[in-house]
Amino acid sequence: MWIMEFFTVLLIAFGLAMDAFAVSLGIGASQQSNHRRAKLRLSFHFGVFQFLMPVLGWVAGSTIVNLISRVDHWIALALLSYVGIRMIRSGLHPDLEIYPADPSRGKTLVMLSVATSIDALAVGLSLAMLKVPIISPSIIIGVVTFGLSMVGLLVGNKLGEKFGKRMEVIGGIVLILIGLRVLITHLV
């Protein structure tokens, strides 16, 4: 029985981590997170936010989640589109430096971390309703997200080296498409 629950949580973790993976792929392709510390910082924050959001959803119960669920998809779309548009502009104008530093710092890091983990809030609420303890699933979700984010950054860097600024444009488009997918799945 426990093994079945572990694999269920693992599948949920991979599902929740896919947005962080795709965003990491785009950021890696932009060649703005080439340093090991930047990769670790970005992956760590994605993992921590994916760990914290289910805990917050579990603790908050239905009141806050119901309030946020009415707008969470719009928030995710806005945040991902903002970063995506900046990446596209940078890719189309090679001389234009969109980020003063790598996107693994400051408000861009926080925006991306929130945007990629907002769905985990609802997962936390669902686990609370099922009376499932939250710490183990949240740890698994955070660790899987950290790992997939790191893989996305590494693969994205290789693609960026090979295809240059075009990958930054593609990465920006991917971010916007992820935001649109979040919006459409919530509206439909």
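The values are calculated or read from the model by the stated rules, or taken from the named source; none is laboratory data. Just so we're clear, the structure is a prediction, and the values are computed from it rather than from any experiment. Here Cβ is always computed from backbone atoms with ideal geometry, including for glycine, and neighbour counts include all displayed protein chains.
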- Item | Condition check for G142: within 13 Å of I27 (Cα to Cα), in contact (Cβ under 8 Å) with a residue 24 or more places away in the chain and out of contact with any Ser or Thr (no Cβ under 6 Å at 6 or more places or on another chain) | no
- Message: Return the residues of the stretch 131-149 that are surrounded by fewer than 21 Cβ atoms within 10 Å (Cβ to Cβ) and of a type outside the set (D, E, K, R); say none if nothing qualifies.
- Response: V132, P133, I134, I135, S136, I139, I140, V143, G147
- Within the stretch 46-57, is there a residue that is part of a helix (DSSP H, G or I), more than 24 Å from S104 (Cβ to Cβ) and modelled with pLDDT of 75 or more? yes
- Among the candidates G61, G91, residue that is modelled with pLDDT under 90, over 18 Å from G26 (Cα atoms) and either in a helix (DSSP H, G or I) or charged (D, E, K, R) (or both): G61
